[in-house]
Amino acid sequence: MSVIAPKFRLSYLIKGITDNIFWIIVLVTLLGIPAIQIVLIFIDFPVIDGEVWNPFRVFDAMTHPERVLPLVKNFMQTDLFKIVAFPGFGFAALIAAGTIFVERKMLAKLQLRVGPFYCGKVEGILQLMADGLKLISKEIIIPAKADKPLFWAGPVLFAATAAAFVALIPVAPGMVVADVGMGLLAVFAVIGFFPIITIVSAWSANSKFPFIGGIRALYQMVSFEIPLILSLLGIVMLTGSLDLVEIVESQANFPWIIFMPIGAIVFFICILAELERIPFDLPEAESEIVAGWLTEFSGMMYGLVQLGTYLKLYAFAALFVVLFLGGWNGPWIFPMEPIAEIITDGVVLMPDALTLEVVGLPLFSQEMINGTIWFILKTVAVIFVILLPRGVFPRIRIDLLLHIGWYKLIVLAFVNIFIALGLVYSGIIGPGGVL
Amino acid sequence: MSKQLLPGLAIEKVDDRIMTLNIGPQHPGSGHMRIIVKVDGDYIVHCDPDPGYVHRGEEKMAEYRNYITNIPHLERPVIHDSCNILYPYCLGVEELLGLEVPERAKYLRVIAAELNRCVYIEYWLAIYGIFLGHSTMFMWPVGDRELLIDLLEKMTGARVTHAYFVPGGIRNDVPPNFEDVCLRQINYFEKRLKEYAAVFYDNPILISRTKDTGVLSREDAIKLGTTGSVLRASGVDFDIRKKEPYDVYEELDFQTNVLKEGDSYARSKIPWLDMFESCRIIRDALQKMPKSGSVRVKLKPKPKGGDTEVYRRVESGRGSLGFHIVSDGKPQPYRIKISVPSFRNLIAMPHLLTGEKLGNMPAVYWSLNYWPVEADR
Amino acid sequence: MSSADSTEIVKTDDSSIIPDLDKSLSDSISKKFSNIEIAYVKPDRIRVNVKKEEIIDVATFIRDELNFDHAESVSGVDYPEDKQIEVVYHLGSYTDVSLDKKILALATRTLREDTPHPGNDNTKLPSLRDVFPSVSFHERECFEMLGVYFDGHPDNRRLLLPEDWADIPPLRKDFSIKGR
């Protein structure tokens, strides 16, 4: 695809470079300086640690890099950073990408295959990037009789709802995108959106296979939402609050899964059904209805739907960790003592005389790093267990699915609630309990 | 319900409640045939199988070819199981021409036939897995099948459609170290077979989907004339290798597997149990085989049969396959009729599917060990 | 094989006596029905030629008294020189252990017309579907391939041929494959 230059002359090259330099200088001067002036008139300087950060400080920091650290630290506490990078979209998307790759590789090894192999030097690591590029470059085809506004809105809404779900999960002490007082209730509300979006995108495609798939997805999601919510009521009773951060803090000594194993199992099965993973992947049953409600999506719309699905996977796994496995609590593994002191106080070369340190560290508090590491470990473990049934089980039939959702799981969820009530009223655990 | 206008066209009155579905040839869950089902809600009220999409006129074309040139032609109905479909043809022509097959050829024929049986059953199991949505059960049998296809390639030179059997023996002898390689691969294959139990046959979701669905009682199985694994899953102990032994099956030590329930689970389990028996047969045959000898009877060019007819049958991967050869003294056969087990089991399909749930259809239909290409010939 | 010859052909290659069971089977049929002929009695293979008017009685007798319970195959053979089409039913037994190896070939003939109109001409046979239910799909195939109409079969329809087949039934000898 590259065109070999017919002739190469040094003078042409130098001319090209000087042309570019000239135009850059002109544009920066004519447009950039007025833009900076306007920005400086209307925007206040940030105040960090009691000092006003005016442009002179910024230039100064550019030459002494360690003085940028308070600025960076302040930036990490802002909402923008939390939404975009950590613990919001960027973090979740990274974990989602890792999940897709691990799923394909793990499934392949389970099935005596190799999986992605050629992209990237090491066992096909760059396969996802290749897939992403391919999806971006494909044409987006809309069926002629489809309902266009709804059809376009479907995948965007799906990804947006999944992102909203991700926003509610606390990752580390102080790091949660949306600190809502009734976090769990907000989670239920957001989960309730997914069937609506599925049926909207299935209906608007105006074709038989998406329609059948959408109806099946509706049956499945609705019938498993009730046991999902019921199984978590036990936790709410035991902690006495709906706030996710408080639920995690209440598990400082023991995770709730020890007392609520039935609730954990019911919740796990409902997760598999909500995510449409095998054995509950009826809405996308490939040997019966091609691809279900995703049939008509092509190109980046399909990419958005996949992104939404895997964000949902991460969010559900993170929710499981937060509610049942103790969130970010765990023994202190990092940073260990000598390193911790070095980070905060610097290396003491000669006592009282010479200390080598970087002012402004630590960027994060120690608890936050430890908490994040434990959270990631637990989430990854739960994701593994969610991915595993795909290689082991066949697809379940629809009447068995509804039977499980409406009879067995609701009964088990109620049993779980009675256990929780028993524990609270006997005063063992819960608000005002012995433990 | 329908008025016959021309042969093949009919007018039907449309009913409000009943929906006619074409589980057609272009469907990921149907194979190369069409099943016209009428459903009332989720229950099938009428089922009409419509094979014939792969009908090539094998029997008619066989009348134009000599007895020897018919061999690559007649093995095409089932390309994996080609040795088993040529077996009764070769036995029949040997009876017509009065040929005596050498001992070593008989043992090698038995080994090739059993390998073919395993190859076919693995492929059938793989498709059964994928119809139920179990991708691991698709990958494992197809992967293990490669071991056997490798052996067949060493034996015959081709992976499928071997054209290995000729009237009077087999086409060529096996390479020198074939016995050791075969024994090693069969031992590993048997170990792999045992792992299917954990992932497939003891899988609770599979059991809940296939147990007690599509139950074929013993009387119905006999009356409808079903054969092969369908018959043995309903409690009838009939295997032609035991009842009417051909070649050296009398001297080999194996048993037939019979289950009594007659549901889809039993029908899916019998072929897997049969594969263990095939491994036993192959090991036994390798041991008892004469170490050297000719493998083929020299034939005159364009052999002519007498003025008689023969009917020979053989137990193939799907059931009893019969050849009715009528000859009138010319080098071409007068009439060849292939009685394929898939076609004989086809009659069980409307019998079982009527009254069944639509969601059970793939589990029941494919468990009948139905190979569409063979049924159409 | 013409139907006027009624000698019993004995093929003895490795057994010097005809097995008693085959002989007794063929004798019981010929004792009961006088108008049939036994074409041959080989080890494990018996062939009985029947006229089409009596075939249902003979088949019922074979099913009830001799314990043959299903049909292995139904093949139609076209004899244009005799102007007849022959249909051979190969019957086997699953329930009777002594009959495991044996196949009884029940053959009958019907008239053949030069220009066939399948279903509307004289090429008709009574259907054995009520006696042996296993023949129903085989008889459908025989109908479409040779043009033999089976009276009493509820469903004489196309099975394997495409719906728009307008030529003569393909397994007849006058039908030649294009190019040969």
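Below, the figures for the structure above:
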item	result
Residue check for C:L125: within 26 Å of B:P341 (Cα to Cα), assigned to a strand (DSSP E or B) and more than 12 Å from chain B (Cβ to nearest Cβ)	yes
Single condition B:E179 does not satisfy, out of (1) farther than 20 Å from B:E103 by Cβ; (2) in contact (Cβ under 8 Å) with a residue 24 or more places away in the chain; (3) of a type in the set (D, E)	(1)
Qualifying residue in the stretch B:93-109 (condition: within 29 Å of B:H55 (Cα to Cα), crowded, with 24+ Cβ neighbours inside 10 Å and under 17 Å from the mean Cα position of the chain (by Cα))	yes
B:D150 vs. criteria farther than 24 Å from B:M61 by Cβ, more than 14 Å from chain A (Cβ to nearest Cβ) and outside any helix (DSSP H, G or I)	no
Residue satisfying all of: in the stretch B:227-249; among the acidic types (D, E) and within 12 Å of chain C (Cβ to nearest Cβ); nearest to C:T95 (Cα to Cα) among these	B:D237
Residue ranges of helices (runs of 4 or more DSSP H) in the stretch B:220-291 with at least 3 members surrounded by fewer than 18 Cβ atoms within 10 Å (Cβ to Cβ)	B:264-288
Test result for A:A252, buried (at least 22 other Cβ atoms within 10 Å of the Cβ) and among the aliphatic types (A, V, I, L, M)	no
Which listed residue is at pLDDT 85 or above, assigned to a helix (DSSP H, G or I) and closer than 30 Å to B:W140 by Cα, from A:F384, A:F393, A:F316	A:F384
Matching option when the condition is without any contact (Cβ under 8 Å) to a residue 60 or more places away in the chain and either outside any loop (DSSP other than H, G, I, E, B) or within 29 Å of A:W293 (Cβ to Cβ) (or both), among A:P143, A:P155, A:P149	A:P149
Hey, B:A126 closer than 16 Å to B:P362 by Cα, at pLDDT 90 or above and outside any loop (DSSP other than H, G, I, E, B) or not	yes
Residue ranges of strands (runs of 3 or more DSSP E) in the stretch C:68-122 with at least 1 members surrounded by fewer than 24 Cβ atoms within 10 Å (Cβ to Cβ) and of a type in the set (S, T, N, Q)	C:84-92, C:103-111
Selection from the stretch B:331-363 of residues that are over 17 Å from the mean Cα position of the chain (by Cα) and closer than 20 Å to B:G225 by Cβ	B:P350, B:H351, B:L352, B:L353, B:T354
In the stretch B:330-377, residue farthest from B:L216 (Cα to Cα) [restricted to those that are within 10 Å of chain C (Cβ to nearest Cβ) and among the aromatic types (F, W, Y)]	B:Y334
Pair list, Cβ under 7 Å, 6 or more apart: the stretch A:367-391 residue free of Cβ contacts under 8 Å to residues at least 60 places away in the same chain, other residue assigned to a helix (DSSP H, G or I) and among the hydrophobic types (A, V, I, L, M, F, W, C)	A:K378/A:V321; A:K378/A:L325
Considering residues of the stretch B:45-74 that are basic (K, R) and touching a helix residue (DSSP H, G or I) at 6+ places or on another chain (Cβ under 8 Å) only, the residue surrounded by the fewest Cβ atoms within 10 Å (Cβ to Cβ)	B:R56
2 or more residues touching a Leu at 6+ places or on another chain (Cβ under 6 Å): qualifying strands (runs of 3 or more DSSP E) within the stretch B:16-86	B:34-40, B:43-50
Which numbered condition B:K211 fails, given (1) free of Cβ contacts under 8 Å to residues at least 24 places away in the same chain; (2) within 21 Å of B:L368 (Cβ to Cβ); (3) of a type outside the set (S, T, Y); (4) loosely packed, with under 15 Cβ neighbours inside 10 Å	(1)
Of residues in the stretch A:178-196 being buried (at least 21 other Cβ atoms within 10 Å of the Cβ) and more than 15 Å from A:S241 (Cβ to Cβ), the one farthest from the chain's Cα centre (by Cα)	A:F194
Members of the stretch B:155-184 that are in a helix (DSSP H, G or I) and either among the charged types (D, E, K, R) or surrounded by fewer than 18 Cβ atoms within 10 Å (Cβ to Cβ) (or both)	B:F178, B:E179, B:D180, B:V181, B:L183, B:R184
Any hit, the stretch A:91-101, residues being among the β-branched types (V, I, T), surrounded by 15 or more Cβ atoms within 10 Å (Cβ to Cβ) and within 25 Å of B:M137 (Cα to Cα)	yes
Test: residue in the stretch C:15-38 that is more than 24 Å from B:E219 (Cα to Cα), β-branched (V, I, T), away from chain B (no Cβ under 14 Å) and out of contact with any strand residue (DSSP E or B) (no Cβ under 8 Å at 6 or more places or on another chain)	yes
Where C:C142 falls short, out of the listed (1) of a type outside the set (D, E, K, R); (2) within 24 Å of B:E309 (Cα to Cα); (3) more than 11 Å from every other protein chain (Cβ to nearest Cβ)	(3)
Complete set of residues in the stretch B:196-226 that are among the polar types (S, T, N, Q) and within 14 Å of chain C (Cβ to nearest Cβ)	B:S217, B:T226
Helices (runs of 4 or more DSSP H) lying entirely in the stretch A:18-120 (those with 2 or more residues that are touching a residue at least 60 places away in the same chain (Cβ under 8 Å))	A:69-77, A:79-84, A:89-110
Given (1) within 9 Å of chain B (Cβ to nearest Cβ); (2) on the phi > 0 side of the Ramachandran plot, index of the condition C:G152 fails	(1)
Meets criteria (away from chain B (no Cβ under 12 Å) and either in contact with a helix residue (DSSP H, G or I) (Cβ under 8 Å, 6 or more places away or on another chain) or more than 24 Å from B:G52 (Cα to Cα) (or both)) for C:L99	no
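Okay, residues lined up against (1) without any contact (Cβ under 8 Å) to a residue 40 or more places away in the chain; (2) under 21 Å from the mean Cα position of the chain (by Cα); (3) in a helix (DSSP H, G or I):
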site	(1), (2), (3)
A:Q220	no, no, yes
A:F224	no, no, yes
A:P227	no, no, yes
A:L230	no, no, yes
A:V245	no, yes, yes
A:A252	no, no, no
A:G263	no, no, yes
A:L272	no, yes, yes
A:F280	no, no, no
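Residues checked against (1) hydrophobic (A, V, I, L, M, F, W, C); (2) at pLDDT 90 or above:
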| residue | (1), (2) |
| --- | --- |
| B:I240 | yes, no |
| B:D247 | no, no |
| B:D253 | no, no |
| B:V258 | yes, yes |
| B:Y265 | no, yes |
| B:I270 | yes, yes |
| B:L273 | yes, yes |
| B:F276 | yes, yes |
| B:R280 | no, yes |
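The values are calculated or read from the model by the stated rules, or taken from the named source; none is laboratory data. The structure presented is a predicted model; accordingly, all values stated were derived computationally and were not measured. Cβ sites come from the backbone with ideal geometry, for glycine too, and all protein chains shown count toward neighbours.
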